[in-house]
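Data first, discussion second: the structure below is written as structure tokens.
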Amino acid sequence: MPKGLLHHIELYVSNLEKSVEFWGWLLQELGYSSFQKWECGQSWRLDGTYIVFVQAEERFLDIQYHRCRVGLNHLAFYAESRLHVDEITKVLESKGVNILYKNKHPFAGGYNHYAVYLEDPDRIKVELVAL
């Protein structure tokens, strides 16, 4: 693997079942495949990179995630095309997923940045961008 390539991301989630339902569909749509599954977690892989979701322990659920605190702000993925962004946006809306910056969609990131921004069940911001 090339030096510096991201190996994996591991996210602790408040409700594994909800996160798997949300992320499983989305990651498969982006070309990932199911990789590992165990009682407290699940992962999906694309080539040499994988994303892991782990159920957080009850004792750590008292402080909710917020992207403006220190730590992860958002995850951004390439979409296949602008049409792909549009198609995914429609499916997300039909699933009741919170689409961010709707009044500026699909150019919320700027005139030359075609993307949809959304939130996962823990309100982690996700961006799907087309060139």
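Within the chain, what whole-number % of the accessible surface is contributed by carbon and sulfur, with the 1.4 Å probe and all protein chains included in the calculation? Working shown, then result.
Details: 4320 of 8480 Å².
The value for the chain is 51 percent carbon and sulfur by accessible area.
The DSSP beta bridges internal to region 73-130 are antiparallel in roughly 60% of cases.
Here the gap between PHE60 and SER33, fully extended at 0.36 nm per residue and compared with their Cα-Cα distance, gives a gain of 6.8 nm.
Given a 1.4 angstrom probe, what's the average accessible area per residue across the chain, in square angstrom? If you can, show how the numbers build up before the last one.
Values: 8480 Å² over 131 residues.
Ligands and nucleic acids excluded, the figure is 65 Å² per residue.
Region 4-74 and region 85-107 have Cα centres separated by 21 Å.
What's the longest bit of the chain with no exposed trypsin sites (Lys or Arg not before Pro), using DSSP loop states and at most 16 other Cβ atoms within 10 Å as the test? Walk me through the numbers on the way to the answer.
Numbers: sites that count: LYS3, ARG67, ARG69, LYS95, ARG123.
That would be 4-66.
Here the chain carries DSSP beta bridges of which approximately 65% are antiparallel, counting only pairs with both residues inside.
In terms of overall dimensions, the C-alpha atoms belonging to region 1-60 reach 38, 24, 16 Å along their principal axes, ordered largest to smallest.
The chain has equivalent-ellipsoid semi-axes of 24, 19, 15 Å, by the square roots of 5 times the alpha carbon gyration tensor eigenvalues, sorted largest first.
Helix 16-29 and the long axis of the chain differ in direction by around 40°, with both axes built from C-alpha atoms.
The values are calculated or read from the model by the stated rules, or taken from the named source; none is laboratory data. In this text the structure is predicted, and so the values were computed from the model without any measurement. Note that each Cβ is placed from the backbone with ideal geometry, even for glycine, and that neighbours are counted across all protein chains shown. Accessible surface is based on the protein model in full, side chains and every heavy atom, while ligands, DNA and RNA are left aside. Shrake-Rupley method; radii C 1.70, N 1.55, O 1.52, S 1.80 Å.
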